[in-house]
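Participant: Have a look at this one before I ask anything.
Each reported figure results from applying straightforward, stated rules to the coordinates on display, with no laboratory input. Nothing here was measured: the structure is a model prediction, and the numbers come from that model. Here the Cβ is made from the backbone with ideal geometry for all residues, glycine too, and neighbour counts use every protein chain on show.
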Amino acid sequence: MFDILLKALAFVFSIFLGYFMKRIKVLKKEDFYALSKIVIKVTLPSSIIVNFSGAEVGLNMLLLTVFGLFLSCVMIALGFLVNIRRGKSEQAFGVLNVSGYNIGNFTMPFVQSFLGPTGVVVTSLFDSGNALVCLGGSYSVASMIKDKNGRFSILRILKTVFKSVPFDVYVLMTVLAFIHVSLPEPVVTILRVPANANPFLAMFMFGVGFEIGDSLPQLKRALRYLGVRFGASILFALGIYFLLPVPLEIRQPLTLLVLSPIASAAPAFTADVGEDYGLASAINSLSVVTSIVLILITLFIML
């Protein structure tokens, strides 16, 4: 129990350190984007490769990708339905700011540190399906809602998804694991250095990027969306952990994954469809805080 508490405090400290460095002007808000590029293009892919190395993925494990896509689509539907009487503008906002899971940047470090290689494989497969929503699916739906002539474009979603380095690595490592091919040990050894840096750097990055901005007057609206999102997430987590008929080593990471924050791309997509970027950013930041609390509580209960 003490080891779990110590690891949890290390995560919280890393986020606080990033936020503190920004507050005392050592770092700027813009530095978040540089850190994000390092995490997305270097440390996260390295972590996926290292933890996937030597893993074997059966056909039944690929169902986790379908499961990730399914739950993300459920969140899209939820974001739409809770605003069914509030007009197309609010419906589009809800689709973007209720759906999607920020797994690669946020939840993966928790899984990597607490649940080991099997947890990372489960997370990678789930996130492959989730990415189809986070990196274009929800945006296409929101655009279609706002513009009656808008079209849902699978091709546009796939083009966006395959530009994502983590997604490409997910696909590559899943294929290699499926055909029982391992990368050379020297490659894995070299990549273990940036992989080990991923938990700290990802949490530090979130501290630097944490921003409530000028949206506090709209806090009631933000809390409404957070209540919808995490109310559903808690129900999913309870259902997965207690009812899903799969081994515990699969149920544990899945339980954490559905408690992830809202997709990090949501504020940018919200701006693109002409909705309130500031409010979307506040919701996103508050969802990170909420997820930290829920994930840490869940880890104490599960482990």
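Participant: Per residue and in cubic angstrom, what volume does the convex hull of the Cα atoms of the chain have?
Facilitator: Numbers: hull volume 39.4 nm³, N = 303.
Taking only Cα atoms, the chain has a hull volume of 130 Å³ per residue.
Participant: Using 7 Å Cα-to-Cβ label points, what is the residue 163/residue 28 separation (nm, one decimal)?
Facilitator: 2.4
Participant: A follow-up question, please. Test of understanding: in a Gaussian network model of the chain with alpha carbons linked when under 10 Å, which of 202, 92, 268 would top the mean-square fluctuation ranking?
Facilitator: Top of the fluctuation ranking is 268.
Participant: While we're looking at this one, here's another question. Sorted from fewest to most neighbouring beta carbons within 10 Å, what does the list 134, 73 look like?
Facilitator: Numbers: 134 28, 73 18.
Placing the least packed residue first, the sequence is 73, 134.
Participant: Another one. Neighbour counts of other C-beta atoms within 10 Å: give me 292, 179 arranged from fewest to most. Intermediate values should be presented prior to the final figure.
Facilitator: Numbers: 292 20, 179 9.
Ordered from fewest to most neighbouring Cβ atoms within 10 Å, 292, 179 come out as 179, 292.
Participant: With a Förster radius of 35 Å, plug the Cβ-Cβ distance of residue 235 and residue 178 into 1/(1 + (r/R0)^6) and report the FRET value to the nearest 0.05. All intermediate terms of the calculation are to be shown ahead of the outcome.
Facilitator: On the way: r = 32 Å, r/R0 = 0.92.
Here the calculated transfer efficiency is 0.65.
Participant: Which of the pairs 159/220; 28/163; 37/88; 25/163; 88/220; 88/159 have their Cα atoms more than 29 Å apart in this structure?
Facilitator: On the way: 159/220 37 Å; 28/163 27 Å; 37/88 34 Å; 25/163 33 Å; 88/220 20 Å; 88/159 27 Å.
From 159/220; 28/163; 37/88; 25/163; 88/220; 88/159, over 29 Å: 159/220; 37/88; 25/163.
Participant: Something else about it: How far apart, in nm, are the 7 Å Cα→Cβ label points at residue 41 and residue 74?
Facilitator: Placing both labels 7 Å along Cα→Cβ, they lie 3.6 nm apart.
Participant: Expressed in nm to one decimal, what extension gain is obtained for the pair residue 224 and residue 211 from 0.36 nm per residue of sequence separation less their Cα-Cα distance? Please list the in-between numbers first.
Facilitator: Working: separation 13, 0.36 × 13 = 4.68 nm, distance 1.85 nm.
Computed gain between residue 224 and residue 211 is 2.8 nm.
Participant: Quick one: check the C-alpha center-to-center distance for the range 133-198 versus the range 262-284, whole angstrom.
Facilitator: One Cα centre to the other: 21 Å.
Participant: Whole-Å semi-axes of the range 1-142's equivalent ellipsoid, largest first, each the root of 5 times a Cα gyration tensor eigenvalue?
Facilitator: Details: eigenvalues 159, 118, 41 Å².
Over the Cα atoms of the range 1-142, the semi-axes work out to 28, 24, 14 Å.
Participant: Mind giving me the FRET efficiency for residue 171 and residue 118? R0 is 22 Å, r the Cβ-Cβ distance, nearest 0.05 is fine. Write down the numbers at each step before the final one.
Facilitator: Details: r = 19 Å, r/R0 = 0.87.
E(calc), rounded to 0.05, equals 0.70.
Participant: Just to confirm a number: summing +1 for Lys and Arg and -1 for Asp and Glu over residues other than residue 118 whose beta-carbon lies under 14 angstrom from that of residue 118, what do you get? Working shown, then result.
Facilitator: On the way: positive: 251; negative: 56, 249.
So the environment of residue 118 carries a net charge of -1.
Participant: Tell me which trypsin sites (Lys or Arg not before Pro) from the range 50-135 have a DSSP coil assignment and no more than 14 other beta carbons within 10 Å of their own. Before the final figure, lay out the partial values.
Facilitator: Values: sites: 85, 86, 88; in loops: 85, 86.
Counting only loop positions with at most 14 other Cβ atoms within 10 Å, the trypsin sites (Lys or Arg not before Pro) in the range 50-135 are 85, 86.
Participant: Moving to a separate point now. Per the Kirkwood definition applied to all pairs of different Cα atoms, how many angstroms is the hydrodynamic radius of the range 75-231?
Facilitator: Numbers: mean 1/r = 0.0557 Å⁻¹.
It is 17.9 Å.
Participant: Give me the net charge of residue 33's neighbourhood, meaning all other residues with Cβ under 14 Å from the Cβ of residue 33; Lys, Arg count +1, Asp, Glu -1.
Facilitator: Values: positive: 22, 28, 29, 37, 41; negative: 30, 31, 211.
It works out to a net charge of +2.
Participant: Another question, if that's okay. Calculate the dipole size of the range 2-302 relative to its Cα centre from +1 charges on Lys and Arg beta carbons and -1 charges on Asp and Glu beta carbons; express the result in debye to the nearest 20.
Facilitator: On the way: 23 positive and 15 negative charges, 161 e Å.
Computed about the Cα centre, the dipole is about 780 debye.
Participant: Once you place label points 7 Å from the Cα toward the Cβ at residue 268 and residue 249, how far apart are they in nm?
Facilitator: 3.6
Participant: Which loop chymotrypsin sites (Phe, Trp or Tyr not before Pro) in the range 1-108, with loop taken from DSSP, have no more than 15 other Cβ atoms within 10 angstrom of their Cβ? Write down the numbers at each step before the final one.
Facilitator: Values: sites: 2, 11, 13, 16, 19, 20, 32, 33, 52, 67, 70, 80, 93, 101, 106; in loops: 101.
Passing both the DSSP loop test and the Cβ count: no residue.
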